[in-house]
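Peer 1: The structure's right below; bear with me while I get my questions together.
The values are calculated or read from the model by the stated rules, or taken from the named source; none is laboratory data. This structure is a prediction, so every number in the text was calculated from the model and none was measured. Ideal geometry is used to build each Cβ from the backbone, glycine not excepted, and the neighbour counts take in all protein chains shown.
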There are 2 protein chains.
Amino acid sequence: MNPAEQDPKSTRTRKRKPMVAPTAEDLAKKHKEISVAEFFERNKHILGFDSLNRALLTCVKEGVDNALDVCEEVYTLPDIKASLTKEQNDTFHIVIEDNGPGIIKKQIPQVFGKLLYGSRFHEIRQTRGQQGIGISAAVLYGQLTTGKPARITSKTVSGEAAYMLEIVIDTHRNAPRVVSSNIIVWRDENGELKPSGTRVEVTLKGRYIRGKQSIFEYLRSTAIVNPHAMITLIEPDGTKTIFKRGTEHLPGHAVAIKPHPAGIEIGILMKMLRLTKSPTLQKFLMNEFSRVSKRLAAQILSLSQLKGEIAPRKVKRQGAERIINAISQVSIMEPPTNCLSPIGESLVKKGLRKEITAEFVTSAIRRPLAYSGNPFQVEVGLCYGTGSSDDTANILRFANRVPLLFQQGGCVTTKAVESINWRPYGLEQRGGKGIPRGPVVILIHVASTNIPFTSEAKEAIADIDLIKDEIIRALRICARKMNVHIKRKAKRKVHLAKLNLIEKILPEINQKTSNNLGFPLPDISRVVGEIMDSYMFKSTVSYSDLKKSYEVKIRVSNYTETRKKFKLMAEIAEGALVRNVHPDPLNIEDELIIWEVAGIPSGEGMELSFELVGVPKGDYEECVLYQKGLNERYVFGAEVPPEGGEAENIAVVKT
Amino acid sequence: MNPAEQDPKSTRTRKRKPMVAPTAEDLAKKHKEISVAEFFERNKHILGFDSLNRALLTCVKEGVDNALDVCEEVYTLPDIKASLTKEQNDTFHIVIEDNGPGIIKKQIPQVFGKLLYGSRFHEIRQTRGQQGIGISAAVLYGQLTTGKPARITSKTVSGEAAYMLEIVIDTHRNAPRVVSSNIIVWRDENGELKPSGTRVEVTLKGRYIRGKQSIFEYLRSTAIVNPHAMITLIEPDGTKTIFKRGTEHLPGHAVAIKPHPAGIEIGILMKMLRLTKSPTLQKFLMNEFSRVSKRLAAQILSLSQLKGEIAPRKVKRQGAERIINAISQVSIMEPPTNCLSPIGESLVKKGLRKEITAEFVTSAIRRPLAYSGNPFQVEVGLCYGTGSSDDTANILRFANRVPLLFQQGGCVTTKAVESINWRPYGLEQRGGKGIPRGPVVILIHVASTNIPFTSEAKEAIADIDLIKDEIIRALRICARKMNVHIKRKAKRKVHLAKLNLIEKILPEINQKTSNNLGFPLPDISRVVGEIMDSYMFKSTVSYSDLKKSYEVKIRVSNYTETRKKFKLMAEIAEGALVRNVHPDPLNIEDELIIWEVAGIPSGEGMELSFELVGVPKGDYEECVLYQKGLNERYVFGAEVPPEGGEAENIAVVKT
């Protein structure tokens, strides 16, 4: 915005004679441009600076999110330090330091001293920061509340020394003003020269809290879904917490892609047509979009009755409309998904297990889709059986691996949870609406090249139908699995009571009676059989830390009077390696070991066993058994196999 | 933002060799400025365009809010027309026309084709639009989804003809591009020349709905709190609804004020010091703030150890800090409140009565305060006794006379309602938290020179403590009054049952018995007295449309055996004129008529009556009676007067 157009005098209030109506000409004099920095200076709450405690959190968040983004961008394992010191009653000094590539001197003032300036806005790929507002907003809030400039220290690998700049934002012009600039030798706490990195220091008004919406909680949640990062927090009272690295593997690198033609809006297409450097319309279609081959471009051109040779800027609104229509008629490959970097099934589960000890953990990872042309992907984890069942379900929300701690009520994730009737799945819920009650923790992650946040504070995801539908689908998959678990648990209780009767109580009575009467111990298996008249299946699972494998033992007892042939199936963990199967199975397929049992004589039993390798500890806590061939009514501990396989695992993908 | 800095080529995705880490220099090349129009083009949901139905509503809302603002600004009674026509399946043409002052030709492209451009951002006074984003956002959304330019027609009083311009926004530069420009003769539907006004036409994608979050509902609610406006709606199916003007009086004109020193942030003060034209610090303090006299300026200067003669721009951070400290130590008059234009008690009640028929309506208007230097005022209305008591309370939210239809959960108004334990006040509420259940409608209006909206869509007010506290206080005042009503209602039920016994059932039994037995009718008053042993008070209220007055009759019956002196008090409506009081009262004071009754003989009664003039019909539905001198236990239908008057009416003002 041009500073020359701004007249400082006019910020003063005009005196006006009362009740003399101004004319259009009078009003015109008052019209003027508003700088985006001035806008946010006035509306700082929109950026997440609406209360003293949230202000501190937002500042740390913007710094850490940037640090994580930039480290991933240069394939570096992030090592991030956040420290807070109290300067006065409500004034804090925040330092965020990373081991990223550094920022070249010329860019530093722009990056930290200008709102709407950044490198990630124009790229289509999953990043935490996208708006080019966050960190400069922290600088703005600091100078607004304390008048102090932000201090930036940065060193690049190729730079000989580090630069230390003090910056304020001239909000009137939305432009940085460098207050001081120095060259320094940057050493870390061990006195070693720092190879590269950036340190941001902001002094601001705030209040330091602990608890649910705290900096500690934000960093803890961040560490859970970013296990490749090491994060050190030094709190104002000096407490030092290190969230250690859980893996040396960087998450899948999100690659920038070109826009996908499906869902592109006509206004965007017209702008692209106007600004492109492609000489012809055909080249434009092929070069500027992903998934458009020469053949497909020809198809689109033919359907829209446009010639491929014309200059793109010659295409007007009607032409653009025809192109949009043509695009909706041809079939185009889905957008490339390497622009996304989901958390992944194993990490979702691990994250939940870290968060909470639960009897049952499940997850559902959806396939990537696109809303208005923006690729996105939904991941959901659910754990059941923890804490008091009177509480409402605890929802952990993440967007592009960043925990969302505020505005839960306004977030599409919450709306998705609330819109499901959880009662058929076994949870309590008033009126079949709202957040269910029960011992449940739900993790929801939305990854996208463009998360539709409800405001610049990036705390809640807007209510986009397609995203909500995807979350609901993933939640239902988890809910079904949870329901199977809850039902099995109830069945198992009955089963165990029966087993207890057969294996403990009856033999004890037998023993005592014969002892008292002085008779020899009679064989009660026939009596048991008559009482039970059923097959009993029992599996026990144990993990060996030494062998790093699960050992599974199955015992089948026939308490009926007949002997029948049947098939026994044991469910194994996904991707597990099976060994030492005893007796030899008929087959191992579809995550099932299948045995054919020729028949167990009445009153007798048999033992089966196997080992599973390659399953992380905690991922296989029970072995589910199925049988085929025996009458369900006389079977305890094994289910009839579901028809057509685990249909619930097959995601229905909307295109 | 400087277009020269933007390189169209760089909007294309860079190709990158995988896994070769980019350097700081590589990253620097990707950094660039983001135009605010591009930002919102990508994040249109932040502006309220997140779904098809909301998009239509947001567009109408921005147009109507602007029209109301501009008409009030020139003291004109607004006459606004909004019409929607369906062009295709999901494409609508919206026209908003007002009778405002018009816009001069030069300004039209800026006002409609540039985001963050406006006349009301830099003024401190209550207006609907403040951001300079709204209407240009509608233009942006229209061109994004249909590619069509917006068409603006405007005529000023002094202009000879009207201008009709077609405008698109060059989002890359956040600048208007005029597609066509014509001079026309603008006639209204009756063929008359239009003296002045503006018409905005936008074609956009959307979905037209009815119901709770509809355009109809938005206009209906707008009409309730803006009864000086006439609003015509033509729906896509041709249905025409006119929300008629309820008053010819314009609402109190909100006058622009200078900032108040209390609560000013140091960053703002430093900016003002830097940009002021005042030659000396003393003049600066006196000229640029409201409520700073010469004496007060001297006081501030002395406390901050600064000389009044120095140039303001010589004052650095430390000096500014001292000024802020000094301001917090001196006592300053509260900010002028003529910058606000509240709805007012009568209109709040009228609005609620229009909305719903209720047995009880009350309101609480708080005194204006300031948060972070921004004057604001809270008004609350509550009505009880309507609809099913199973539903949760219905909350009607308004900000600067604009109804808020979305994001209820994220709004400070809702949070205030939820934070109150409503059970002691007589409403059902699970766990004493959340929105209460019961036959209740609550209206909350927040008026401010700067409503802290949670996003640019202006649908929810941020959770500012001081604002929440004020809403809670106003709600509690209404809740207490509602509770008195609920308790009185319960008492009256008992009272009426007793009265029924005395006045109907006993005499009937007496009649029948004597008829059957053939005895003459005996006097049962002594019997009644023995049964009742009490004083009975009964008031009846009726409104005469002819005389435009309330007639109140009171009957007191003494069913005790003794005769006692007592005082009788009848509550009258605030500001009412009393006439024809019979018998002569002892006094009329504090909204009470007070009689001294020498005594009523046992078994007898007396009649009292009066008339009330100047009370709107519906505002005085019952006459509450108090008595002093009789033993409470033997009195039905009159209360003991509350000690120290209606303490609940006295608002506690936090400064």
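Peer 1: State which residue is farthest from the other protein chains (Cβ to nearest Cβ) when the search covers only the range A:270-285 and only residues that are surrounded by 19 or more Cβ atoms within 10 Å (Cβ to Cβ) and under 26 Å from residue A:448 (Cβ atoms).
Peer 2: Looking at residues that are surrounded by 19 or more Cβ atoms within 10 Å (Cβ to Cβ) and under 26 Å from residue A:448 (Cβ atoms), I get A:285.
Peer 1: Would you confirm, using the coordinates I've provided, whether residue B:141 is facing another protein chain (nearest Cβ under 7 Å), among the aromatic types (Phe, Trp, Tyr) and either in a helix (DSSP H, G or I) or surrounded by fewer than 24 Cβ atoms within 10 Å (Cβ to Cβ) (or both)?
Peer 2: Taking the combined requirement at face value, the residue does not satisfy it.
Peer 1: I need every pair where a residue in the range A:140-164 that is more than 19 Å from residue A:186 (Cβ to Cβ) and touching a residue at least 40 places away in the same chain (Cβ under 8 Å) has its Cβ under 8 Å from the Cβ of a residue that is among the β-branched types (Val, Ile, Thr) and assigned to a helix (DSSP H, G or I), sequence separation at least 6 or different chains.
Peer 2: If the second residue must be among the β-branched types (Val, Ile, Thr) and assigned to a helix (DSSP H, G or I), the pairs left are A:141/A:58; A:144/B:266; A:144/B:268; A:145/B:266; A:146/B:266.
Peer 1: Which of the residues belonging to the range B:246-269 are closer than 14 Å to residue B:75 by Cβ and at the interface with another protein chain (Cβ under 8 Å from one of its Cβ atoms)?
Peer 2: Selection gives B:253, B:255.
Peer 1: State whether one or more residues within the range A:451-465 are closer than 30 Å to residue A:394 by Cβ and in a helix (DSSP H, G or I).
Peer 2: Looking through the range A:451-465, at least one residue is closer than 30 Å to residue A:394 by Cβ and in a helix (DSSP H, G or I).
Peer 1: OK, next. Surrounded by fewer than 24 Cβ atoms within 10 Å (Cβ to Cβ), modelled with pLDDT under 95, within 11 Å of another protein chain (Cβ to nearest Cβ) and not in a loop (DSSP other than H, G, I, E, B), is that true of residue B:107?
Peer 2: yes
Peer 1: Also, I was wondering about something else. In the list B:380, B:348, B:402, which residue meets the criterion of being closer than 30 Å to residue B:453 by Cα and touching a Cys at 6+ places or on another chain (Cβ under 9 Å)?
Peer 2: B:380 is the lone residue from the list that is closer than 30 Å to residue B:453 by Cα and touching a Cys at 6+ places or on another chain (Cβ under 9 Å).
Peer 1: Quick one: count up the residues across the range B:552-600 that are polar (S, T, N, Q) and either in contact with a helix residue (DSSP H, G or I) (Cβ under 9 Å, 6 or more places away or on another chain) or closer than 23 Å to residue B:633 by Cβ (or both).
Peer 2: Here the count works out to 4.
Peer 1: Select from the range A:288-311 the residues that are crowded, with 16+ Cβ neighbours inside 10 Å and not in a loop (DSSP other than H, G, I, E, B) and write down the one among them that is farthest from the other protein chains (Cβ to nearest Cβ).
Peer 2: Restricting to residues being crowded, with 16+ Cβ neighbours inside 10 Å and not in a loop (DSSP other than H, G, I, E, B), the top hit is A:299.
Peer 1: Conditions: (1) over 20 Å from residue A:73 (Cα atoms); (2) in a loop (DSSP other than H, G, I, E, B). Residue A:151 meets all but one. Number of the miss?
Peer 2: Here residue A:151 meets the rest and fails (2).
Peer 1: Another question, if that's okay. Would you pick out the residues in the range A:93-104 that are charged (D, E, K, R) and either in contact with a helix residue (DSSP H, G or I) (Cβ under 7 Å, 6 or more places away or on another chain) or facing chain B (nearest Cβ under 10 Å) (or both)?
Peer 2: Listed by number, the list holds a single entry, A:98.
Peer 1: Residue by residue through the range A:210-242, note down the ones that are surrounded by 20 or more Cβ atoms within 10 Å (Cβ to Cβ) and not in a loop (DSSP other than H, G, I, E, B).
Peer 2: A:215, A:218, A:219, A:221, A:222, A:223, A:224, A:225, A:231, A:233
Peer 1: Can you tell me which residue in the range B:553-597 is farthest from residue B:537 (Cα to Cα), limited to those that are among the hydroxyl-bearing types (Ser, Thr, Tyr) and not in a strand (DSSP E or B)?
Peer 2: B:562
Peer 1: Return the only residue of B:480, B:476 being modelled with pLDDT of 95 or more and either surrounded by fewer than 23 Cβ atoms within 10 Å (Cβ to Cβ) or among the aromatic types (Phe, Trp, Tyr) (or both).
Peer 2: B:476
Peer 1: For the list (1) part of a helix (DSSP H, G or I); (2) at pLDDT below 90; (3) within 11 Å of chain B (Cβ to nearest Cβ), I need the number of the one condition that residue A:69 fails.
Peer 2: (2)
Peer 1: Against the conditions (1) part of a helix (DSSP H, G or I); (2) in contact with a strand residue (DSSP E or B) (Cβ under 6 Å, 6 or more places away or on another chain), where does residue A:397 fall short? Just the number, please.
Peer 2: (1)
Peer 1: Output the residue which, of all residues in the range A:112-124 that are under 15 Å from residue A:65 (Cα atoms) and more than 7 Å from chain B (Cβ to nearest Cβ), is surrounded by the most Cβ atoms within 10 Å (Cβ to Cβ).
Peer 2: Among them, the one singled out is A:112.
Peer 1: So residue A:335 ticks every box in (1) surrounded by fewer than 21 Cβ atoms within 10 Å (Cβ to Cβ); (2) part of a loop (DSSP other than H, G, I, E, B); (3) within 14 Å of chain B (Cβ to nearest Cβ) but one. Which box is left unticked?
Peer 2: (1)
Conditions tested, residue by residue: (1) surrounded by fewer than 23 Cβ atoms within 10 Å (Cβ to Cβ); (2) closer than 30 Å to residue A:375 by Cβ; (3) without any contact (Cβ under 8 Å) to a residue 24 or more places away in the chain.
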{"position": "A:432", "(1), (2), (3)": "yes, no, yes"}
{"position": "A:436", "(1), (2), (3)": "no, no, no"}
{"position": "A:439", "(1), (2), (3)": "yes, no, no"}
{"position": "A:444", "(1), (2), (3)": "no, yes, no"}
{"position": "A:447", "(1), (2), (3)": "no, yes, no"}
{"position": "A:452", "(1), (2), (3)": "no, yes, no"}
{"position": "A:469", "(1), (2), (3)": "yes, yes, no"}
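Peer 1: Assuming residue A:448 fulfils every condition listed in (1) in contact with a Lys or Arg (Cβ under 9 Å, 6 or more places away or on another chain); (2) within 30 Å of residue A:125 (Cα to Cα) apart from one, which condition is it?
Peer 2: (1)
Peer 1: Among the residues of the range B:144-181, which ones are within 10 Å of chain A (Cβ to nearest Cβ) and charged (D, E, K, R)?
Peer 2: Answer for the range B:144-181, where residues must be within 10 Å of chain A (Cβ to nearest Cβ) and charged (D, E, K, R): B:148, B:155, B:170.
Peer 1: Shifting gears a bit: One residue is enough: does the range B:189-198 have a residue meeting the conditions more than 29 Å from the chain's Cα centre (by Cα), farther than 30 Å from residue A:35 by Cβ and of a type in the set (A, V, I, L, M)?
Peer 2: Taking every residue of the range B:189-198 in turn, at least one turns out to be more than 29 Å from the chain's Cα centre (by Cα), farther than 30 Å from residue A:35 by Cβ and of a type in the set (A, V, I, L, M).
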